[in-house]
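Read the structure below first, then the notes.
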Amino acid sequence: MFANLPILPVSGSVVSKDQNKPWGGVFDGDTDPRVEKFTESVSFDHRLSAQDVRGSTAHARMLATTGVLTEGECQQIVDGLEQIGSEIADGRFVFRTELEDVHMNIERALIERIGDVGRKLHTGRSRNDQVSTDFRLWIRDAIDAIDTRLVELQAAFVGRCERDADVILPGYTHLQRAQPVLANHYWLAYCEKLERDRTRLTDCRTRVNQLPLGTAALAGTTIKIDRQMVADELGFEGLVANSLDSSSDRDFAIEFAFVLTLVAEHLSTWAEEWILWSTIEFNFLTLPQAYCTGSSIMPQKINPDVLELTRGKTARVVGNLQSLLVLVKGLPLAYNRDLQEDKERVFDSAETVLACLEMAAAVVTGAELNREVIAEGLDRGYLDATTLMEYLIGLGIPQRTAHEIIGNLVAVAMKQGVPLAGLPLSTFQSAHESLDEKVFAVLGVEQAVAAFCSYGSTAPAEVAKQVAMWQERLKN
Ligand code: ARG
């Protein structure tokens, strides 16, 4: 069963001292190449290169200020790091898996370029605080990028509001027709969800944006360092206060993954809704063809694959969060190598959500509501029944009684196969003596929508205010 899997040869004897390992001193011989392959992270954490260079540069500058490095040494290190940084950015840098991770690759390259001075860079820090710093810097950038995309998607929804202002849609609970709502009320519902995602991101960012560097392996350092200086240089809002916490903490990554999960869930809800709406059965909207794909066997098919994948990719984002939560479960303080498994999960969630948001904005802008079809179907489902009940309440009838009266009226209308407005006045009058011809003023979806008045409702005036508020908010 495993016959075709490539198996690396086992190194026969472990004798020669491995020159590649900065930690090799205590070891008698080489690492088994299979262990190198098993433990390496550079194949994915090379994505932290720019952050690693930034962090190391700030660290070196700080070491010069506190007198650990001379100005000349610091300059050599900073220049060397800059050179390495641009080689990585241009794709000219060769990462080596035997050097394990991005941190040791960059440090080794520095030593190869500037010699022994490079061996001083790792003073007063460890890879444990280094990786946390790099990762936090990466997540900070990712938060900003995702926030921008969230705003773009909100703008796409708000961008529809002018053209869709007069469209009434059936609102659903239990996916059964419930009450009429303005299309714009739907669009703004998504804006609100995305706005909460934005506030969660902002909130999460403050906890991400605490500097771990200088907490070293787990206990801090005896070297004279100035962590505040590094924080200022790198734009961190504060310092992680406890070195044990710093070395073991991945809350910031998990929290970010959670916020991304809610974004993905919101997109998934929207995608599911629009998949339904684009079916012949609903036929509420036509998706932009550039965001649909066809079938290789059924020539007529125009499938909503972008929406389906948006819904489907939510699974991996949820899975990533689950993996992270299980990853840290029961880990003793402080750093454990298990934590290396965090990065791919976070990278994947961030990339996935970014891609979904980009698609969503385009689909939202490009879709067209099938206004006639929607309008034709609006008198089905007794969407005005609740408004009529509230009208009765307005006449002084207790809610429970009004509910029953209207329930009976709906049953009569259903039997006759007519909407409520299709019942004769006599039926209303025999349902309750206080009902007269004025009842027809609240029947039918248009009038039912117009009757709403509460804050947050689909009342046209309220929705118009909200649209104006969103347009103003998204102006810049
Ligand atoms: N690649 C490691 C990680 O992602 C870096 C930290 C390694 N620290 C250690 N003590 N081995 O977690």
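Among the residues of the range 329-354, the one identified as of a type in the set (Gly, Ala, Ser) and either within 17 Å of residue 272 (Cα to Cα) or within 16 Å of the ligand (Cβ to nearest atom) (or both) is 334. Only one of the numbered conditions (1) within 25 Å of residue 37 (Cβ to Cβ); (2) free of Cβ contacts under 8 Å to residues at least 12 places away in the same chain; (3) more than 16 Å from the ligand (Cβ to nearest atom); (4) open to solvent by 50 Å² or more (accessible area, probe 1.4 Å) is not met by residue 319, and that is (4).
Looking only at the range 56-91, residues that are more than 22 Å from residue 138 (Cα to Cα), outside any helix (DSSP H, G or I) and either touching a His at 6+ places or on another chain (Cβ under 6 Å) or acidic (Asp, Glu) (or both) come to 0 in all. Would you mind stating whether residue 461 is in contact with a Ser or Thr (Cβ under 7 Å, 6 or more places away or on another chain) and part of a helix (DSSP H, G or I)? So residue 461 does not fit the description; no.
Given 14, 53, 94, which one is away from the ligand (no atom under 14 Å from the Cβ), outside any helix (DSSP H, G or I) and modelled with pLDDT of 95 or more? Spell out how you get there, then give the answer.
Working: 14 fails: modelled with pLDDT of 95 or more; 53 fails: outside any helix (DSSP H, G or I).
So the residue among 14, 53, 94 that is away from the ligand (no atom under 14 Å from the Cβ), outside any helix (DSSP H, G or I) and modelled with pLDDT of 95 or more is 94.
Restricting attention to the range 161-180, the residues being more than 18 Å from residue 283 (Cβ to Cβ) and either surrounded by 21 or more Cβ atoms within 10 Å (Cβ to Cβ) or touching a strand residue (DSSP E or B) at 6+ places or on another chain (Cβ under 6 Å) (or both) number 3.
For the range 217-245, filtering for residues that are in contact with a helix residue (DSSP H, G or I) (Cβ under 6 Å, 6 or more places away or on another chain) and surrounded by 22 or more Cβ atoms within 10 Å (Cβ to Cβ) leaves 2. Go through the range 304-315 and give me each residue that's farther than 25 Å from residue 368 by Cβ and exposed (fewer than 15 other Cβ atoms within 10 Å of the Cβ). Once the filter is applied, which keeps residues that are farther than 25 Å from residue 368 by Cβ and exposed (fewer than 15 other Cβ atoms within 10 Å of the Cβ), the range 304-315 yields only 315. For beta carbons closer than 6 Å, sequence separation of 6+ or different chains, a first residue in the range 134-153 that is of a type in the set (Asp, Glu) and a second that is open to solvent by less than 40 Å² (accessible area, probe 1.4 Å), the qualifying pairs are 134/48; 134/51; 134/52; 134/55; 147/201; 152/361.
Scanning the range 430-451 for residues that are farther than 22 Å from residue 404 by Cβ, of a type outside the set (D, E, K, R), out of contact with any strand residue (DSSP E or B) (no Cβ under 6 Å at 6 or more places or on another chain) and in contact (Cβ under 8 Å) with a residue 40 or more places away in the chain turns up 444, 447.
Can you name every one of the helices (runs of 4 or more DSSP H) wholly within the range 298-382 that holds 2 or more residues which are among the acidic types (Asp, Glu) and more than 29 Å from residue 145 (Cβ to Cβ)? If you could, list the steps in order and put the result at the bottom.
Details: elements: 305-328, 342-366, 371-377.
Filter on the range 298-382 gives 371-377.
Look through the range 115-145, keep the residues that are among the polar types (S, T, N, Q) and within 16 Å of the ligand (Cβ to nearest atom), and return whichever of them is surrounded by the most Cβ atoms within 10 Å (Cβ to Cβ). So the residue we want is 133. Restricting the search to helices (runs of 4 or more DSSP H) fully inside the range 172-291 and requiring at least 1 residues that are within 29 Å of residue 350 (Cβ to Cβ) and over 26 Å from the mean Cα position of the chain (by Cα) gives 227-234, 243-248. Within the range 251-273, identify whether any single residue is touching a Gly at 6+ places or on another chain (Cβ under 9 Å), on the phi < 0 side of the Ramachandran plot and within 16 Å of the ligand (Cβ to nearest atom), and answer yes or no. Checking the range 251-273: not a single residue is touching a Gly at 6+ places or on another chain (Cβ under 9 Å), on the phi < 0 side of the Ramachandran plot and within 16 Å of the ligand (Cβ to nearest atom). Of the conditions (1) modelled with pLDDT of 95 or more; (2) part of a helix (DSSP H, G or I); (3) not aromatic (Phe, Trp, Tyr), residue 25 fails just one. Which one is it? Failed condition: (1).
How about the range 421-476: which of its residues are among the charged types (D, E, K, R), open to solvent by 50 Å² or more (accessible area, probe 1.4 Å) and more than 18 Å from residue 192 (Cα to Cα)? Even if it seems obvious, please write down each step before you answer.
As a first pass, look at the range 421-476 and keep what is among the charged types (D, E, K, R): 433, 436-438, 446, 462, 465, 472-473, 475.
From the residues that got through so far, the ones that are open to solvent by 50 Å² or more (accessible area, probe 1.4 Å) too are 433, 437-438, 446, 465, 472-473, 475.
Correct list: 433, 437, 438, 446.
The values are calculated or read from the model by the stated rules, or taken from the named source; none is laboratory data. Keep in mind that this is a model prediction, so the values were computed, not measured. Note that each Cβ is placed from the backbone with ideal geometry, even for glycine, and that neighbours are counted across all protein chains shown. Protein only, heavy atoms only, side chains kept; ligands, DNA and RNA dropped before computing areas. Shrake-Rupley method; radii C 1.70, N 1.55, O 1.52, S 1.80 Å.
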